[in-house]
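The next block holds one structure in the form of structure tokens; read it before the comments.
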Amino acid sequence: MLWEDALLDAQKVTELNPSSHIGYELTYTALRGAQRYDEAIEAFKIMLSKLENSPEAQIRDLRQQYVCPFEAEDAIRRAVGIELSNAPLRLLNTSTGLLCDRVAQLNFFKTSPEYKELLSSITKRSDLQMERIKQVVTMHFRCVLLSHKWAETEALLHDIKDKVVYELNELDGITKLQSFCKVARDAGYCWAWMDTCCIDKSNNVELQESVNSMFVWYRHSALTIVYLSDVPPSSHPGALASSVWNERGWTFQEFVAPKVVRFYQKDWSLYLDDRSPNHKESSAIMEEL
């Protein structure tokens, strides 16, 4: 109600003097407060045009302290590029169930409330400081990676490309992928990555680059989920130590590189029902490795 009243007041100011920037500045502030970010950005653009076209030089000079929305967009785009430079090329969107390349990842971000809030908040030169932009971008693009023992049947790139993962038939490999995405989504992460289906293995260049980048990707993951396919629910301590996951050649790298790791049993419940945020800090689990 507070912001609705402020918006009505702003509209009255605009009606009294349509050529002035002040009414649109008040409108922008009220719309942002009401979290109507798209409308706030449009009001801000009109405010800038009023400043630029003012007959008074003193008013026109005020324009210099503000930035255009496209400058803000460019700053955010650069921050996204830096953030994704340490991430896999393709990521699974846990909200939509779609596999996304870089363009699709950016486009999805631009539809998010956090992007619109950020864009609408960048109005002055001082707002272009990268620290807050980096914080918002990093938070959105937090990614969960999977470490697992490959089964005979796994979901591959051609199985999921241009398809909604959650709508696919629940075959063995697909079920694992669906469960992984749901666990990542329910933990609050928008992006996930699984090696079987997020790499084009028919492209030798991409495959080699992926192998070379694997440590960096796991290092920069917000969370790495280790799936213990042979560890049944309600297992006792020691089951992890004897799991086939430990027999993989990639296990050491995929465990050492990430900062945060959580182990899940065959039914996707937490190993030993350990609900701590990072199993690397669990003495009971670490004793098995």
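Just so you know, all these numbers are worked out from the coordinates, no wet-lab data involved. Remember, predicted model here, so these are calculated numbers, not experimental data. Every residue, glycine as well, gets a Cβ built from its backbone with ideal geometry; the counts of neighbours run over all protein chains shown.
General remarks:
- Computed about the Cα centre, the dipole magnitude for the stretch 2-66 is approximately 160 debye when only Lys and Arg (+1) and Asp and Glu (-1) carry charge, each at its Cβ.
- Förster radius 35 Å - calculated FRET efficiency between Glu206 and Glu114, Cβ distance, rounded to 0.05: 0.70
- Relative to the longest principal axis of the Cα atoms of the chain, the long axis of helix 37-52 makes an angle of roughly 40 degrees.
- As a rough footprinting exposure proxy, the listed residues Met194, Met47, Met286, Met214 were ranked by other beta carbons within 10 Å of their own, and the order from fewest upward is Met286, Met214, Met47, Met194.
- Residue with peak Gaussian network fluctuation, the chain [Cα springs, cutoff 10 Å], from Asn246, Asn203, Asn278: Asn203
- Proxy reagent accessibility, fewest Cβ within 10 Å first, across Val136, Val256: Val256, Val136
- Separation of alpha-carbon centers, the stretch 222-286 and the stretch 106-122, rounded to whole Å: 35 Å
- Here's the picture: charge each Lys and Arg Cβ at +1 and each Asp and Glu Cβ at -1 in the chain, and of Pro88, Asn246, Gln178 the one pushed furthest to the positive end of that dipole is Pro88.
- Helix 172-186 axis, angle to the chain major axis (alpha carbon atoms, nearest 10°): 40 degrees
- Relative frequency of Cα-Cα separations exceeding 18 Å in the stretch 2-66, percent: 33 percent
- The stretch 198-205 - phi-based ³J(HN,Hα) in whole Hz, Karplus 6.51/-1.76/1.60, Gly and Pro as x: 9, 10, 7, 6, 7, 9, 4, 5
- In the stretch 133-289, the convex hull through the Cα atoms has an average projected area of 9.9 nm², a quarter of its surface area.
- Taking the Cα centre of the chain as reference, the dipole from Cβ charges on Lys and Arg (+1) and Asp and Glu (-1) amounts to some 480 debye.
- Positive-end ranking of Asn169, Ala72, Pro113 along the dipole of the stretch 72-286, with charges on Cβ about the Cα centre, is headed by Ala72.
- Dipole of the chain, positive end: most advanced residue of Leu145, Leu48, Val216 [Cβ charges, Cα centre]: Leu48
- For the stretch 29-126, GluC sites (Glu not before Pro) meeting the loop criterion (DSSP other than H, G, I, E, B) and having at most 15 other Cβ atoms within 10 Å: Glu56.
- Mean residue ellipticity at 222 nm, helices only, the chain: -14500 deg cm²/dmol; runs of at least 4 DSSP H residues each add -39,500 (n - 2.57), and the sum is divided by the number of residues.
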